[in-house]
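Only one structure is covered here, and it is reproduced in the block below.
The values are calculated or read from the model by the stated rules, or taken from the named source; none is laboratory data. Please read these numbers as outputs of a predicted model, since none were measured by experiment. We place every Cβ from the backbone using ideal geometry, glycine too, and count neighbours over all the protein chains shown. Remember, those area values only see protein heavy atoms, side chains included, never the ligands or the DNA or RNA. Shrake-Rupley method; radii C 1.70, N 1.55, O 1.52, S 1.80 Å.
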Amino acid sequence: MAQVVLENIYKSFPSEAKQGKSGKVNVLRGIDLTVQDGEFMVLVGPSGCGKSTVLRLIAGLEELTGGKIWVGSRLVNNLPPKARDIAMVFQNYALYPHLSVADNIAFGMRRMGQKKVPSWGESLLVGMTRKLPKQIRYISENEKQIQQQVSSVAQLLQIDSLLGRLPKELSGGQKQRVALGRAIARNPQVFLMDEPLSNLDAKLRTETRAQIVKLQRQLGTTTIYVTHDQTEAMTMGDRIAVMNEGKIMQIAQPLQLYHRPANLFVAEFIGSPPMNFIPVKVSAPLLITHEEFRLTLPDVWGKILQEYDGGELLLGIRPEHLHLSPAATKNLPVKVDLVEALGNDTYIFGSLNHEPLVARIAPDYGINSGESIWLSMNLEKIHLFDPETGNNLPIAE
């Protein structure tokens, strides 16, 4: 197992020539990331943010434009993929269609085993018995070890009954477990997983998600997992790196990301439905106002609000921190546009002075579309963001 360190990583791709000049598209810009030995790190972000490119650079499938990548104590910038001791699980499984499940799992081990030169006698026996029925062929010691490893991995993944099948005879979930098995069998220092569950249905995705986490805990292998699904990120990762436009916005444990997002992007990206943002004006020491409400904040905000006296901020509040309340100047008058009853929760989609707002309430309330309601905010759970920098303002400790 090994620590993975990315130092000031840059990656550019050539763009289409314009007016006779060739340009470059910067995909990654100054990525710094340390993944601890045995850690499950998740890279999450919207499509095109560069998260899959990070994996491909670590694997050696793309060349760096700038920076350094360390796997353990080795600088791997100039090492070919096969020399990095890394196994990658792809979104599309990448199984060999003409090979059985057993041979797909064993493929990487057999390639590695080619470096071991068998004795002259062993090579002769293998060659002489190659065309005989499997039951009476001579099997080399290296091949016996491979078969034992395949059997062990198949039992771990509960696919030992599928070893003789071809990929076309498997379901999507079974194919993904075979792809995982091929990675596990090599016993690499690092697992890289590029959206491995995106082709599965919702139920199977949930089951496989739990299985991957359990396996990683058992094996203790350093794992870097890429997804655009925040549910996967929040439930799987020891830590999460949120990416956007080729940069890392924040690295933190899942609940820390949720409760203390570093900026507007993280606050909006993590959480479903996303956080509500309401523009407010500041009147020191603790008063904030909006066209539809005015309220006094707790004392912990006093020091930071002094810097914004007379200015504007964005107030952030998550849907579950809004509550049905009576009419009051400190509460929010909301026109209900849509009600989604999910059984355990009810989501209210409405507008506050034509600005969209979402609230999550208990299912017992009979709220209907077209109604006007009042919502109060849990002031212990609010966030204030600088509208220019997008940064989340710190609360005084």
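Which condition breaks for residue 197 when tested against (1) open to solvent by 20 Å² or more (accessible area, probe 1.4 Å); (2) on the phi < 0 side of the Ramachandran plot; (3) modelled with pLDDT under 95?
The failed condition is (1).
Tell me whether the range 203-216 contains one or more residues that are closer than 17 Å to residue 254 by Cβ, open to solvent by 30 Å² or more (accessible area, probe 1.4 Å) and small (Gly, Ala, Ser).
yes
Taking the range 203-228, which residues are in a strand (DSSP E or B) and among the aliphatic types (A, V, I, L, M)?
Listed by number, the residues that qualify are 224, 226.
Can you report the number of residues in the range 174-202 which are within 21 Å of residue 44 (Cα to Cα), without any contact (Cβ under 8 Å) to a residue 40 or more places away in the chain and outside any loop (DSSP other than H, G, I, E, B)?
Result for the range 174-202: 1.
Confirm whether residue 67 is farther than 18 Å from residue 7 by Cα and either modelled with pLDDT of 95 or more or buried (at least 18 other Cβ atoms within 10 Å of the Cβ) (or both). If you could, list the steps in order and put the result at the bottom.
Details: farther than 18 Å from residue 7 by Cα: no; either modelled with pLDDT of 95 or more or buried (at least 18 other Cβ atoms within 10 Å of the Cβ) (or both): yes.
Judged against the criteria, residue 67 is not a match.
Cβ contacts < 6 Å: first residue open to solvent by less than 30 Å² (accessible area, probe 1.4 Å), restricted to the range 344-356; second residue in a strand (DSSP E or B) and of a type in the set (Gly, Ala, Ser), any location; separation 6+ or different chain. Result?
348/359
For the range 357-397, name all the residues that are hydroxyl-bearing (Ser, Thr, Tyr) and surrounded by 13 or more Cβ atoms within 10 Å (Cβ to Cβ).
376
Can you tell me which condition residue 305 does not meet? The list is (1) in contact with a strand residue (DSSP E or B) (Cβ under 7 Å, 6 or more places away or on another chain); (2) closer than 23 Å to residue 356 by Cβ; (3) aliphatic (A, V, I, L, M), and all the others hold.
(2)
Just checking, which of 63, 39 is of a type in the set (D, E, K, R) and farther than 30 Å from residue 172 by Cβ?
63
Would you pick out the residues in the range 231-246 that are closer than 16 Å to residue 41 by Cα and open to solvent by 40 Å² or more (accessible area, probe 1.4 Å)?
231, 234, 235, 238, 239
What number of residues within the range 280-322 are under 36 Å from the mean Cα position of the chain (by Cα) and closer than 22 Å to residue 347 by Cα?
Count: 8.
Looking only at the range 163-178, how many residues end up being within 22 Å of residue 216 (Cβ to Cβ) and aliphatic (A, V, I, L, M)?
1
So residue 67 passes all but one of these: (1) within 24 Å of residue 252 (Cα to Cα); (2) within 22 Å of the chain's Cα centre (by Cα). Which condition number does it fail?
The number of the failed condition is (2).
Under 8 Å between Cβ atoms, at least 6 apart or on separate chains: pull out the pairs that start in the range 146-169 with a residue that is loosely packed, with under 12 Cβ neighbours inside 10 Å and end on any residue that is among the hydroxyl-bearing types (Ser, Thr, Tyr) and assigned to a loop (DSSP other than H, G, I, E, B).
164/100
State yes or no: is residue 176 open to solvent by less than 60 Å² (accessible area, probe 1.4 Å) and at pLDDT below 90?
yes
What are the pairs, 6+ residues apart or on separate chains, where a residue within the range 323-334 that is touching a residue at least 40 places away in the same chain (Cβ under 8 Å) has its Cβ under 7 Å from a residue that is aromatic (Phe, Trp, Tyr) and in a loop (DSSP other than H, G, I, E, B)?
Pairs found: 324/365; 330/293; 331/293; 332/293.
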